[in-house]
Amino acid sequence: MSHYNEDELSAYALRPEATDDRRTVEQHVSGCRDCRDALDVIEAFDTALHDPLPWEVADAMPFAEDTGPRDYERDSAARFRQALAAMLPVFERFRAGFTGKSSPVHFWWGSFDLAVTRFSGRDAPQHPGGVPGLPDRITRDAYSQEVSSAGFWAGGVTQAAPFFYSYAYPEPDGFRGRPLPAGGWNGDFQEFTLPYAEVRAAREPEALLTSFLQSTYDTAAELADWDRARLEREPVAP
Ligand SMILES: [Zn+2]
């Protein structure tokens with residue numbers, strides 16, 4: 001049969017009394033990845049609305065109950081915003097060199113990182129999950145296809161110094177051993193990293209960052225045999 005639309009799946013998930021034949025929907029959804037994915041999103045959204053917990057945070061406390069005092073350092077926030085604004089055009093230009101499915105250059109407020117993710121278009125093996133504070137179904141949906149992902153992380157409790165990062169899922173054989181023109185393998189985080197301080201001090205910071213983004217992607221795409229002729233082009237953004 002044809003797929004269920006969003007209204008039908010919402011009714012099925014959220015208003016049990018509104019669906020006459022739940023068994024038929026259930027059977028279809030169990031065998032149809034498209035509808036199951038759509039249903040997952042509807043359920044996750046509903047959960048987020050009714051149980052507003054921060055995600056990607058271990059031992060998260062509901063927002064409504066979290067009334068503890070917080071420091072706000074205006075100067076740090078302003079400098080962080082400036083740094084993001086300065087690196088954004090470099091990420092945007094890098095993104096413009098890819099014609100396959102790509103995320104926008106976007107900011108994750110959970111882990112607090114800037115990121116851009118490229119997809120090969122091929123399915124990936126099921127992700128093991130286990131990301132703190134994140135339901136496995138979300139992680140598995142995010143990593144349902146092969147990715148090469150790069151970004152910037154400002155650091156946090158586990159790492160004082162900010163860095164740029166790049167990883168591939170699944171990680172192709174030989175990935176972590178590859179020498180790079182800039183940065184290198186970070187065993188603590190299981191990804192390539194390039195210290196922010198190094199970029200900041202470089203004579204040509206944009207060129208250094210671009211080299212890191214491009215070389216780590218090249219490594220992932222080459223080792224995992226992506227269809228590069230179809231997925232890439234010369235960046236056309238200014
Ligand atoms: Zn379907």
Here is a check on your reading of the model: is PHE212 farther than 18 Å from SER111 by Cα and touching a Gly at 6+ places or on another chain (Cβ under 8 Å)?
yes
Quick one: SER149 ticks every box in (1) surrounded by fewer than 13 Cβ atoms within 10 Å (Cβ to Cβ); (2) closer than 28 Å to HIS127 by Cα; (3) out of contact with any helix residue (DSSP H, G or I) (no Cβ under 7 Å at 6 or more places or on another chain) except a single one, so which number is it?
(1)
Can you tell which of SER103, SER2 is under 30 Å from ASP123 (Cβ atoms) and without any contact (Cβ under 8 Å) to a residue 12 or more places away in the chain?
SER2
Kindly indicate whether any position in the range 5-12 is within 20 Å of LEU134 (Cβ to Cβ), within 15 Å of the ligand (Cβ to nearest atom) and in a helix (DSSP H, G or I).
no
Could you grab me the full set of residues in the range 23-64 that are part of a helix (DSSP H, G or I) and either away from the ligand (no atom under 16 Å from the Cβ) or in the same structural domain as SER144 (by TED's automatic domain parsing) (or both)?
ALA44, PHE45, ASP46, THR47, ALA48, LEU49, HIS50, PHE63, ALA64
Whether any residue in the range 185-200 is surrounded by fewer than 17 Cβ atoms within 10 Å (Cβ to Cβ), without any contact (Cβ under 8 Å) to a residue 40 or more places away in the chain, assigned to a strand (DSSP E or B) and not aliphatic (A, V, I, L, M) is what I want to check.
yes
In the range 170-210, what count of residues is obtained for those that are basic (Lys, Arg) and either under 23 Å from VAL147 (Cβ atoms) or in contact with a Cys (Cβ under 6 Å, 6 or more places away or on another chain) (or both)?
2
Does MET87 fit the bill of being in contact with a strand residue (DSSP E or B) (Cβ under 9 Å, 6 or more places away or on another chain) and away from the ligand (no atom under 16 Å from the Cβ)?
yes
Residues of the range 47-62 being modelled with pLDDT of 80 or more and over 21 Å from the mean Cα position of the chain (by Cα), in sequence order, are MET61, PRO62
Residue set ARG74, ARG70, ARG36, ARG81; condition surrounded by 10 or more Cβ atoms within 10 Å (Cβ to Cβ) and under 26 Å from PRO162 (Cα atoms); output residue ARG81
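The values are calculated or read from the model by the stated rules, or taken from the named source; none is laboratory data. As the structure is a computational prediction, the values presented were derived from the model and not from experiment. For neighbour counting, all protein chains shown are included, and Cβ atoms are generated from backbone atoms with ideal geometry for every residue, glycine included.
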